[in-house]
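A quick write-up on the structure given underneath.
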C-alpha cells in the first residue's frame, strides 16, 4: 500500500469528505509527525506505536574503496516501536 | 507528541471541527493497522515504510532461570525511515 492507496482507503471510509481534503488530512498527519521528530520530540500513538529519536555519536569511518579515513558526523535517527495492540494484530495475521 | 497533538494540527490546518479531526485521524491509523494486520506493507513517501516480516522459531533462554525455551515463529512489524525523514532530523546538524 502506498500513500495514495492509503488516501483512497481513508476516503472510502469518510465519504462525506472530498478526496482533496483526505489528501490534506493524510499529509498533515505525517507532516506533523515528521516535524515533531525533527524537533527531537517523541511521538506516542496508543495502539499503533511510538517513535523516538536516537543520537548517533560522530565516529571515524573508512572509505571501503580507498581505505581512507573519513570523519562521520553525529546524526539523529528515528526509531519506531510497535504498540501492543498492533503487535498482536500483526502476529495473529 | 500524542495522538491528541496530531488531531490538533489537523484541526488547525484543515477546516475540520475538533470532532471531525479526531474521527478522521482515527480512520487514518485504523486503516494502517488493518492493512498491516493483513500482512501488507505500507510505503509512505517522505516518511518511511512499515513492513511485516516473518521470524522463524528459535531457541531462547529465560535469563532468570536459564531454562531453555522455544520462541515460536511470529510476525513482526518493522519501520524503515525514508531518506527525506532522516534528512529532516539532521538539518540543524550543528546543534547535535
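Just so it is clear, none of the values below were taken in a lab; they were calculated from the coordinates. Keep in mind it's a predicted model, so treat the numbers as computed, not measured. Here the Cβ positions follow ideal geometry from the backbone for every residue, glycine too, while neighbour counts run over all protein chains shown.
Compute the Cα gyration tensor for the stretch B:1-40, then decide on rounded, prolate or oblate, letting a ≥ b ≥ c be the square roots of its eigenvalues: rounded whenever a/c is under 1.5, prolate when a/b is larger than b/c in the other cases, and oblate in all that remain. Judged from the Cα gyration tensor, the stretch B:1-40 comes out prolate (a/c at least 1.5, a/b above b/c). Could you give the angle, 0 to 90 degrees to the nearest 10, between helix B:3-13's Cα long axis and the longest principal axis of the Cα atoms of chain B? Helix B:3-13 and the main axis of chain B meet at about 30 degrees.
Placing pseudo-labels 7 Å out from each Cα toward the beta carbon at residue B:64 and residue A:19 gives an inter-label distance of 5.5 nm. Take the Cβ atoms of residue A:84 and residue B:86, set R0 to 30 Å, and the FRET efficiency comes out at 0.65. Under the classification rounded if a/c is under 1.5, otherwise prolate if a/b is larger than b/c and oblate if not, where does the protein assembly as shown fall, given a ≥ b ≥ c as square roots of the Cα gyration tensor eigenvalues? Oblate is the answer for the protein assembly as shown, as a/c is 1.5 or above yet b/c matches or exceeds a/b.
Across peptide A:70-77, the average count of Cβ atoms from other chains found within 10 Å of a residue's Cβ is 3.
Over the protein assembly as shown, dividing the summed -39,500 (n - 2.57) contributions of all DSSP H runs of at least 4 residues by the number of residues returns a 222 nm mean residue ellipticity of -13000 deg cm²/dmol.
Mean per-residue shielding of peptide A:7-19 is 3, counting Cβ atoms of other chains within 10 Å of each Cβ. Between 0 and 90 degrees, the angle of helix B:18-37 with respect to the longest Cα principal axis of chain B falls at about 30 degrees. Quick one: check the C-alpha center-to-center distance for the stretch A:1-63 versus the stretch B:30-96, whole angstrom. Distance between centres, Cα-based: 15 Å. Peptide B:33-41 is shielded by partner chain Cβ atoms: per residue, an average of 4 of them sit within 10 Å of its Cβ. The listed peptides A:11-19, B:76-84, A:59-67, ordered by packing as a protection proxy, come out as B:76-84, A:11-19, A:59-67 (highest mean of other Cβ atoms within 10 Å first). For residue A:54 and residue B:51, a Förster radius of 22 Å and the Cβ-Cβ distance give a FRET efficiency of 0.65, rounded to the nearest 0.05.
Over chain A, what is the relative contact order in whole percent, taking alpha-carbon pairs under 8 Å and six or more residues apart? Relative contact order here is 21 percent. Helix A:19-38 and the longest principal axis of the C-alpha atoms of chain A enclose an angle of approximately 30°. Classified by the C-alpha gyration tensor, chain B has a prolate form. Its axis ratio a/c, with a ≥ b ≥ c, is 1.5 or above, and a/b is larger than b/c.
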